[in-house]
1. Mind checking which of TYR223, TYR146, TYR56 has the largest fluctuation in a GNM of the chain, springs on alpha carbons under 10 Å?
2. Quick check: net charge around GLU273, other residues with Cβ under 13 Å of its Cβ, Lys/Arg +1 and Asp/Glu -1?
3. Which listed residue (VAL329, GLY12, GLY310) has the Cα farthest towards the positive end of the charge dipole for the chain, taking +1 on Lys and Arg C-beta and -1 on Asp and Glu C-beta about the Cα centre?
4. Can you tally the net charge around MET163? Count Lys and Arg as +1, Asp and Glu as -1, for every other residue whose Cβ sits under 14 Å from the Cβ of MET163.
5. Of the heavy-atom accessible surface of region 1-86 (probe 1.4 angstrom), what whole percent is carbon and sulfur?
6. I need the shape label for region 2-97. Rule: rounded when a/c is under 1.5, else prolate if a/b > b/c, else oblate, with a, b, c from the alpha carbon gyration tensor.
7. Treating the angle as unsigned and between 0 and 90°, give the value, to the nearest 10°, between the Cα long axis of helix 143-156 and the longest Cα principal axis of the chain.
8. Against the longest principal axis of the chain, how steep is helix 310-333, in degrees 0 to 90 to the nearest 10, with axes from Cα atoms?
Amino acid sequence: MDTTRIAVVGAGVAGLATAMCIPHLVPRCSITVISDKSSPGTTSDVAAGMLIPHAYPDTPLPQQKQWFRDTFAHLFAIANSAEAGEAGVHLVSGWQIFRSIAAEEVPFWADVVLGFRKMTEAELTKFPQHASGHAFTTLKCEGPTYLPWLEKRIKKDGGRILMRQIGSLWELHPSFDVVVNCSGLGSRQLAGDSKIFPVRGQVLKVQAPWVKHFIRDGSGLTYIYPGAASVTLGGTRQEGDWNLSPDAEISRDILARCCALEPSLRGAFDIREKVGLRPSRPGVRLQKELLVRDGQRLPVVHHYGHGAGGFSVHWGTALEAARLVSECVQVLRNPTPKSQL
């Protein structure tokens, strides 16, 4: 039987993870990742990559929890392997703190992370402006390291990565049999999706090697996430803002907010500003669509709209996208007169 040609549009964390997952569910396929950007030029490269889920209003919590559980298991296995350093995945412990008694005593993901518990009174003395908090250990995934590692794995498995800008998914027909749309904000144009919008995030990447614990203020707007090469300080959530240029005033505000939580950061050095546009919508779009034009048919699987939570659920949603691709391929290989993708 002929090889099924599958194109994945987008080389951020969602696209690369999907390209990795598909061959495990779809035998006899070829994978080509097509993108106008690649690491280190993607939104995923700016993201802190902390596995702390963000709730999607339009997605049932059990489904979100499964996505997170699948992703945590995948990255935990990497963190416990000899490839952890090359992949940029490691465990990190710290605190999520609240200025009042936490309304949500136990978040839905509490039993997925490691050692989740209430902070002790002694721990809270570190944060005199805060009344309560949670302590736990989670995973951090370094985008500028993890993405090239995924690319290397895709190529090792026989996949291709093409740098190319496309203006329409139809451009990929008839060269490909199935297209997976992981284009993030590009889906405004490629999928005509008016629900997706940018949420601008500005962060600082600083050198502060003495900071070993993460600190996340309750709302998640202010955070300190230590990584392998730098500490990420954040952040902002500016809906509808497409500006990719750093704002010096915002940087000063971020540094001041983080220093209020961790005063030692006043000694941070080699401060670099980064900006990314989170591809946000009310829920991740995981959906099949059959495009039809002039009697021609192109099966598409949409997988985008992760917003600020991409790293936390990327493997779980990629597995789901791969299952949808498998369904499309089964229909192509076993057509019936009334088959619908």
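1. Looking only at TYR223, TYR146, TYR56, the largest GNM fluctuation is found for TYR56.
2. Working: positive: ARG200, LYS205, ARG252, ARG272, LYS274; negative: ASP247, GLU249, ASP253, ASP270.
My count for the surroundings of GLU273 gives +1.
3. Checked the options; the winner is VAL329.
4. Numbers: positive: LYS37, LYS155, ARG160, ARG164; negative: ASP36, GLU151.
Around MET163, the charge tally is +2.
5. Values: 1940 of 3520 Å².
Summing carbon and sulfur atoms, their accessible area is 55 percent of the total for region 1-86.
6. Working: a/c = 1.63, a/b = 1.47, b/c = 1.11.
The shape class here is prolate.
7. Tilt relative to the chain: about 30 degrees.
8. Taking Cα atoms only, the helix is inclined about 10 degrees.
The values are calculated or read from the model by the stated rules, or taken from the named source; none is laboratory data. Predicted model, so just to flag it, every value in this text is computed and none were measured. Here the Cβ is made from the backbone with ideal geometry for all residues, glycine too, and neighbour counts use every protein chain on show. Just the protein is used for accessible areas: all its heavy atoms, side chains included, with ligands, DNA and RNA removed. Shrake-Rupley method; radii C 1.70, N 1.55, O 1.52, S 1.80 Å.
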